[in-house]
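These notes concern the structure reproduced below.
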Amino acid sequence: MQKTNPLPALGGFAVICLLIAAPFGLPVFAMTLLTELIILGLFAMSLDLMVGYANLVSFGHAAAYGLGAYASGYMLLNSAMPLPVVVLLAALLTGSVAIGVGWVCTLATGVSFSMLTLAFAQLLYAIAFKWTSVTGGSDGLAGIPRRAGPFSITIFTSKTGFYYFALACLIGAYLLCRALVRSPFGLVLRGIRENEAKTLVLGYNTRLYKITVIAIAYALGGLAGALYAPFAGFANTELLFWLLSGQALIMVIVGGQGTLIGPILGAAFFMLLEHQLSSYTEAWALFFGLIFIAFVLFAPEGIWGLARRAFRRGRAPAEAHHG
Amino acid sequence: MAEVLLQVEGLSKRYGALVAVDSVSMHVRKGEVRAVIGPNGAGKTTLFHLITGVVPPTSGSVRFGGSDITRLAPHAICQRGLSRTFQLTSLFPRMSARENAMLAAQARHPRRWTPFGGADVFTSARAAGEEALAQLGLSHVADRPAGLLSHGDQRLLEVAMAMAQHPELLLLDEPTQGLSVEETAQAVETLAQFLDKAHITVLLVEHDMEVVFRLAHRITVLHRGAVIADDVPEAVKANARVQEAYLGGIE
Amino acid sequence: MSTLALLLTQGVNALSQAALLFFLGVGLTLIFGIMRIVNFAHGTLYMLGAFIGYSLVRLTGSFWLALLLAPLAVGLIGTAFELGILRRLYRRDAHAFLMVTFGLALVTGEAVRLIWGSDALQVPPPPLLSGVVFLMDEPFPLYRLFLVGFGLVVAVAIWQLLERTRLGLLIRATSQNAEMVHALGVDVKLVRSGVFGIGCGLAALGGVLAAPLVTASHGMAATAVIDAFVIVIIGGMGSFLGSLIGALLVAFVQVFGNYYLPDFALAFMYLVMLLVLVVRPGGLLGKEA
């Protein structure tokens, strides 16, 4: 029987403990960065579900982010619903819309599929500009509050409270994705990734599986966007722009696709570059793009993939080919 | 006489002026091993594609177990109990042989949609997969990545995957394709023993006459898309039209 | 205005739009024909052409010089990219190509933002062409008419190049059977680099020409790449004639759609794209999807 390696679980537990303890040790500006990282990490991880596990390369994931942000922003500004409810509703809304998007996009495969996802994001971008009454047009929505919960639970209105909520969302989403990819459903996704034609012939309705993955990925992306709106206090068309979709894809590839953790690292790498380099040069995003190209050429398994490979080489060869 | 499991009536496929399959009719009975043979270009694989829904027919019908499956999608047909292998090896190269068989077995599990947990689905799929591997003599390579198996083992793995689905009808498209003489002999022996024990209905496309005569109960001969003979092996061997079609006769 | 006058002006309008789209589409289809890859950076290179055109006009005061030099510059950049980076990927799968050209698009997009800022920039048309003509007593921009003519000239030129010259023969042969061409002693790699450069240059040409009409802006890139993709899908990947037909179709749908249903223009495009992909994944005249 396989020996279960306790190290990853212990490592994960340690990281979670650190994250929970963070507000007590870190200064305010660092906490803001950490919260942003959690949101961005969630966004990138949601894309990994599509790209890394089902080989569905989306160039329009900003659609999920923007849709979630606008939905939660609008609800927070125009209703009295508490923050957690709004965020979850926004995520659900995004997931529902994504079923339609997935149904349409999976009519095609390969490059055509990717183009269709981009076209849809562009469509939303254009709608956001035009539908001024709801989206605020090119100005977007501003002054988005962090509304208190029911029974006057004001915990989410503070920065620390919001941080814990975002963290809970990330951990919850991660556990969900992890369970999904390890389930029978996940095994089928592996099959689709390796040989879709064969998976179809074996009797699986591969298109339904793909649509389901897309819906879940968009829902989680929408969750990230829904968290962003009250975090930043605004939602605008930049959140639907194709450059954001591109940055998400880069985070997934550079961090390590098909690993769930990798993209979160990719997000961290992205933010690190942004905050370190932006004080020296405005060209940091350009460097990020160049690094991306380098990774695609020379290290397609990404940072986390490289780390896992190096770690495995250091262990006994008998266990080397598992995982 | 056993009941008719697969009923093909007047099945045709035209590509413009080219007639790939010309009004083919045949009845395959339960428990029978039926071989479909014919010279190159006779339409054997196209016939398979028509039966399994990969290619839509120009005319004609296919009935399986009493219901019409002519226009169903390939995955739906598979769900009805037809499993097939392909001429060109198509596996999941980075997954182990066991995982390949598991994925195949899982496709017929009623709860395969389970997004979470589903440990019981895995257990039964694993059992079915391992049983199929054993039937085809592949248990000793169960943990090896499918892409690293010998060519002969890969062909047998394809059959194992189809078997792991507990099909009512097994369609084998040139199972010994690309194998050397020794590999073919080994594969055929394994298949023969397996078919003896399994009592499963099989539709088999083959080039190699030795294989056909070793395995088949009945032979349908195609020539230029049409049936020119449909009989027991000895009769087909002696059939003049068949000999003519093969230009020089069967040995 | 009368319906006839309307149809005429909008029709010529559509033809001018078709010219711009043709430059976009023909480059993409040539690249696909030769290399079997979709150049995702095509839209950004179109945009780059517009911005470089803007700077050249400001620098030299001559639109015509910009029209000549901007495509050249972008073509060279494209060739350099192919030589340096894309060459390493020929043994990898189609995904890697898509990712890398995507990376190029992002890098180029950011570079444009850095060099020229985030605002849209006005490019004045050449004084020779800034007037109006009268079609059935309706004023019509001379510049657009020029586009129609220029587009026709370039289309014929490319057609003649493909059909009548040795280079054209090489391009057509390589897109059908690269190995055979290689066996005949031709340096296929050179042909590929050349065609990639030409394709990029054509996109940039479209960008320079478009700039006086739509201003050089950042939104251009994404719309352009989708437009280019739709055209090539409609006309068929790798088909020169197809890119012409696709450009005409898309232009007419866009212009007339914009006139009658201005708010739904984008949704309409999305719908058309969908329809074509569903009905014929290989396009109307295409080789492969």
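The numbers here are math on the coordinates, done by the rules we state, and not lab data. Please read all numbers here as calculations on a predicted model, not as lab measurements. Note: ideal-geometry Cβ built from the backbone for every residue, glycine included; neighbour counts use all protein chains shown.
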## Note on the structure
Expressed as a whole number, the average count of other chain Cβ atoms within 10 Å around the Cβ atoms of A:178-188 is 6
### Task
Treat chain C as a sphere of radius equal to its Kirkwood radius over Cα pairs and apply Stokes-Einstein at 10 °C in a medium of 1.306 mPa s; give the translational diffusion coefficient in µm²/s, rounded to a whole number.
82
### Summary
Placing +1 on each Lys and Arg Cβ and -1 on each Asp and Glu Cβ in the protein assembly as shown, then taking the dipole about the Cα centre, the residue among C:G257, A:P23, C:A111 whose Cα reaches farthest towards the positive end is A:P23
### Query
Over the stretch B:1-132, how many percent of alpha carbon pairs lie in each 10 Å bin up to the one with the longest distance?
11, 33, 32, 19, 5, 0
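Using just the Cα positions, wrap the stretch A:8-319 in a convex hull and report its mean projected area in square nanometres, one decimal place.
Mean projected area for the stretch A:8-319: 17.8 nm², to one decimal.
Relative contact order of the stretch A:206-311: what whole-number percent is it, with Cα pairs under 8 angstrom and at least 6 residues apart?
This gives 25 percent for the stretch A:206-311.
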## Note on the structure
Heads up, the stretch A:1-136 by the C-alpha gyration tensor (a ≥ b ≥ c square roots of eigenvalues; a/c under 1.5 rounded, else a/b over b/c prolate, else oblate) looks oblate
### Query
Loop-only check: which trypsin sites (Lys or Arg not before Pro) in the stretch C:79-152 are DSSP coil with at most 15 other Cβ within 10 angstrom?
C:R91, C:R92
### Task
Show that you can apply the helix-only estimate: for chain A, add -39,500 (n - 2.57) for every DSSP H stretch of four or more residues, divide by all residues, and state [θ] at 222 nm to the nearest 500.
-25000 deg cm²/dmol
### Query
Given the stretch B:54-189 reduced to its alpha-carbon atoms as identical point scatterers, what log10 I(q)/I(0) does the Debye formula return at q = 0.15 Å⁻¹?
-0.77
### Query
Could you give the nm distance between label points at A:T157 and A:N78, where each point is 7 Å from its Cα heading toward the beta carbon?
2.4
### Message
Going Cα to Cα from A:K159, which aspartates and glutamates come in below 16 Å? Please leave out same-chain ones fewer than 8 positions away.
### Response
A:E36
#### Entry: Pairwise label distance in nanometres, A:R178 with B:N40, each label 7 Å out on the Cα-Cβ vector
5.6
### Query
Any idea what the dipole of the stretch A:8-319 comes to, in debye rounded to 20, about its Cα centre with Lys/Arg Cβ at +1 and Asp/Glu Cβ at -1?
740
### Message
Using only the Cα atoms of the stretch A:61-112, what semi-axes does the equivalent ellipsoid have when each is the square root of 5 times a gyration tensor eigenvalue? Give whole Å, largest first.
### Response
28, 10, 7
### Query
Whats the longest run of chain A with zero trypsin sites (Lys or Arg not before Pro) that are DSSP loop and have at most 13 other Cβ atoms within 10 Å?
A:4-314
### Summary
So A:W103 and A:A232, fully extended at 0.36 nm per residue minus their Cα-Cα distance, gain in nm 43.2 nm
### Query
At a Förster distance of 22 Å, what's the computed FRET efficiency of B:H207 paired with C:E179, Cβ-Cβ distance as r, to 0.05?
0.15
### Query
When the Debye formula is applied to the Cα atoms of chain B, each taken as the same point scatterer, what base-10 log of I(q)/I(0) results at q = 0.09, 0.11 Å⁻¹?
-0.39, -0.59
### Task
Would you mind calculating the gained length between C:L59 and C:E163 on full extension (0.36 nm times residue separation, minus the Cα-Cα distance), in nm to one decimal?
33.7 nm
### Query
Going by a ≥ b ≥ c, the root eigenvalues of the Cα gyration tensor, does the stretch A:197-323 fall in the rounded group (a/c under 1.5), the prolate group (a/b larger than b/c) or the oblate group?
oblate
### Summary
Here the equivalent ellipsoid of the stretch C:149-204, derived from its Cα gyration tensor, has semi-axes (largest first, whole Å) of 23, 13, 7
### Query
Going by the alpha-carbon gyration tensor, a ≥ b ≥ c the square roots of its eigenvalues, is the protein assembly as shown rounded (a/c under 1.5) or, if a/c is not under 1.5, prolate (a/b greater than b/c) versus oblate?
oblate
## Note on the structure
Taking alpha-carbon centroids only, the stretch A:73-150 lies from the stretch C:143-200 a number of Å equal to 43
### Query
For chain C, what is the mean residue ellipticity at 222 nm derived from helices alone (per DSSP H run of n ≥ 4: -39500 (n - 2.57); sum divided by total residues; nearest 500 deg cm²/dmol)?
-26000 deg cm²/dmol
#### Entry: Kirkwood Rh in Å, taken over the stretch C:36-174 so that all alpha-carbon pairs contribute
17.8
### Task
Rounded to the nearest 500, what is the 222 nm mean residue ellipticity of chain B from helices alone, with -39500 (n - 2.57) per DSSP H run of 4+ residues and division by all residues?
-11000 deg cm²/dmol
